[in-house]
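The values are calculated or read from the model by the stated rules, or taken from the named source; none is laboratory data. Quick caveat: nothing in here was measured; it's all calculated off a predicted structure. With ideal geometry, Cβ positions are generated from the backbone for all residues, glycine too; neighbour counts draw on all protein chains shown. Surface areas here come from the heavy atoms of the whole protein model, side chains and all, with no ligands, DNA or RNA. Shrake-Rupley method; radii C 1.70, N 1.55, O 1.52, S 1.80 Å.
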Amino acid sequence: MTRTQVGIIGSGPAGLLLARTLHLQGIDTVIFERQSRDYVESRIRAGVLEKGTVDMLRTLGADQRMNKFGIPHDGYALAFNGRLERVDMAKYAGDGVMVWGQTEVTRDLIALHLDAGGIIKYESPAIAIEDVETSSPKIIYEEDGVTKTLVCDFVMGCDGYHGVGRQTIPADKLKTYEKIYPFGWLGILSDTPPVDEELIYANHERGFALCSMRSHTRSRYYIQSELGDKVENWTDDMFWDELRRRLPPHAAESLVTGPRLEMSIAPLRSFVAEPMRYGNLFLAGDAAHIVPPTGAKGLNLAASDIFYLSRALIAFYSEKRTDLLDRYSEVALRRVWKAIRFSWWFTTLMHKFSDDSLDYRLQVAELDYLTGSDAGKTVMAENYIGLPFEEFE
Ligand code: FAS
Ligand code: PHB
């Protein structure tokens with residue numbers, strides 16, 4: 001039975017950001033990941049980084065490729081009722097976002113951490129977490145078919161919505177909140193030039209559409225899809241035709257189509273589990289909260305959780321302080337709930353929920369108001385670039 005300081009379950013953004021941050025402070029970690037490295041590095045997920053996430057990657061030395069190939073954006077567009085209205089984030093929120101895929105973030109953090117001697121055990125699922133109420137919690141895991149135990153000072157559940165971390169917290173100690181949306185997002189990745197220089201979020205009577213990108217030659221598009229819809233129901237041409245129908249004329253005419261590199265359907269839910277700590281088990285990222293991807297908050301909330309959690313752990317190991325560990329859940333959840341709210345609100349504003357024409361007219365009126373007022377544009381800008389991290393030290 002071996003021991004480390006911080007046991008981390010999950011090598012997604014939350015686990016990797018935490019391991020890298022702690023490593024730079026000389027704190028030992030072990031990451032357990034149930035999938036293979038190739039599988040993790042090939043997942044297509046988020047595409048937009050808030051300023052706080054970009055700053056973290058720079059601090060961690062994981063920004064070289066991002067600085068070279070990432071695309072800074074100062075604005076995004078809202079399309080509705082045949083119109084295209086730009087939200088100028090630089091003007092109304094004093095900053096922008098970075099278009100740089102989660103896939104790339106993950107690849108850079110894995111390479112950096114392994115090159116620095118970090119330990120990531122791939123294809124080694126954590127099957128249980130024990131003794132979390134003691135000072136020596138244990139991760140029971142499988143490695144090469146053998147069940148083993150790692151003793152830790154702390155265990156980090158960075159293992160996503162389906163992980164073992166949250167399930168370890170007794171049901172009577174955990175409060176969960178969940179809303180499941182009556183649609184999904186059908187996404188396509190294609191080696192085609194993006195339809196516009198910035199992202200376009202489209203509210204259309206047929207349903208929502210999003211035009212995003214991964215580079216100047218690789219595009220990522222989404223259309224709102226029916227619950228129960230399947231990727232196999234869609235040919236590439238069917239996708240492109242439906243996307244065109246939902247875009248304003250100039251975008252529909254200039255859309256460059258091509259064969260899919262990937263096509264997938266993601267369900268949409270809002271979910272929060274409270275508290276994000278139980279004994280010496282801490283939750284971060286999707287293990288504790290899920291947002292509909294409308295506001296591009298999922299990956300970025302994982303980063304802000306780690307901003308707080310890493311500071312709390314560093315204060316413990318460097319000064320034997322436990323106050324930040326005690327405050328982590330409360331402070332992290334304050335920012336989580338504001339992002340949960342924005343993502344829910346932006347989703348209700350942009351998606352088709354019914355065939356009731358009044359619902360659509362009310363959405364159009366709200367978009368008309370938001371894009372016609374400085375106050376409205378400030379709301380759309382400051383929430384999208386990401387609300388500030390609280391001081392935590
Ligand atoms: P992750 O889910 O990324 O990582 C958790 C890791 O834990 C996984 O690698 C998993 O294999 C591992 N794991 C789970 N159980 C384990 C166990 N028992 N033992 C060991 N390892 C275990 N966000 C956006 O902002 N924009 C988007 O467009 C967007 N699209 C998405 C599409 C999909 C299909 C999904 C599922 C999510 C999407 N998200 C998006 C949200 C996503 O980016 C998450 O917010 C982000 O990955 C959160 O990072 P983590 O918390 O690290 O969780
Ligand atoms: C993406 O590029 O995958 C993306 C961008 C913005 C979103 C969601 C997804 O809100």
Considering Met238, Met263, which residue is open to solvent by 50 Å² or more (accessible area, probe 1.4 Å), within 30 Å of Gly82 (Cα to Cα) and of a type outside the set (Ser, Thr, Tyr)? Met238
Filtering the range 287-310 for residues that are open to solvent by 10 Å² or more (accessible area, probe 1.4 Å) and either at pLDDT below 95 or polar (S, T, N, Q) (or both) leaves a count of 0
Which condition from (1) within 20 Å of the chain's Cα centre (by Cα); (2) assigned to a helix (DSSP H, G or I) is the one that Ala62 breaks? (2)
Could you run through the range 336-360 and say how many residues are of a type in the set (D, E, K, R) and farther than 30 Å from Ile306 by Cα? 4
Which members of the range 351-367 meet the condition of being surrounded by fewer than 18 Cβ atoms within 10 Å (Cβ to Cβ), in contact with a strand residue (DSSP E or B) (Cβ under 8 Å, 6 or more places away or on another chain) and either part of a helix (DSSP H, G or I) or free of Cβ contacts under 8 Å to residues at least 24 places away in the same chain (or both)? Val364
Wholly inside the range 163-274, strands (runs of 3 or more DSSP E) that include 3 or more residues that are closer than 30 Å to Ala288 by Cβ are 175-190, 209-213, 219-226, 260-274
Within the set of pairs 6+ apart or on separate chains, which have a first residue in the range 285-307 that is more than 7 Å from ligand 1 (Cβ to nearest atom), a second that is among the polar types (S, T, N, Q) and in a helix (DSSP H, G or I), and C-beta atoms under 6 Å apart? Val291/Ser343; Pro292/Ser343; Pro292/Thr347; Thr294/Ser343; Thr294/Thr347; Gly295/Ser343; Ala303/Thr53
Within the range 139-152, track down each residue that is free of Cβ contacts under 8 Å to residues at least 60 places away in the same chain and more than 14 Å from ligand 1 (Cβ to nearest atom). Asp144, Gly145, Val146
Ser329 passes all but one of (1) farther than 18 Å from Thr176 by Cβ; (2) of a type in the set (S, T, N, Q); (3) more than 16 Å from ligand 2 (Cβ to nearest atom); (4) surrounded by 17 or more Cβ atoms within 10 Å (Cβ to Cβ); which number fails? (1)
Could you tell me whether any residue of the range 314-327 is acidic (Asp, Glu) and not in a helix (DSSP H, G or I)? no
Picked from the range 1-38 (must be open to solvent by less than 30 Å² (accessible area, probe 1.4 Å), of a type outside the set (Ser, Thr, Tyr) and in a loop (DSSP other than H, G, I, E, B)), the residue farthest from His162 (Cα to Cα) is Ile27
Meets criteria (within 26 Å of the chain's Cα centre (by Cα), polar (S, T, N, Q) and either open to solvent by 60 Å² or more (accessible area, probe 1.4 Å) or over 30 Å from Tyr308 (Cα atoms) (or both)) for Ser254: no
Across the range 57-74, what is the total count of residues that are in contact with a strand residue (DSSP E or B) (Cβ under 9 Å, 6 or more places away or on another chain) and either more than 30 Å from Ala251 (Cα to Cα) or open to solvent by 20 Å² or more (accessible area, probe 1.4 Å) (or both)? 3
Do the conditions hold for Ala77, that is, is it part of a strand (DSSP E or B) and open to solvent by less than 40 Å² (accessible area, probe 1.4 Å)? yes
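Mind listing whichever residues of the range 39-48 are more than 7 Å from ligand 1 (Cβ to nearest atom) and assigned to a helix (DSSP H, G or I)?
Passing the criteria: Tyr39, Glu41, Ser42.
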Any hit, the range 278-285, residues being of a type outside the set (Lys, Arg), under 25 Å from Ile340 (Cβ atoms) and part of a helix (DSSP H, G or I): yes
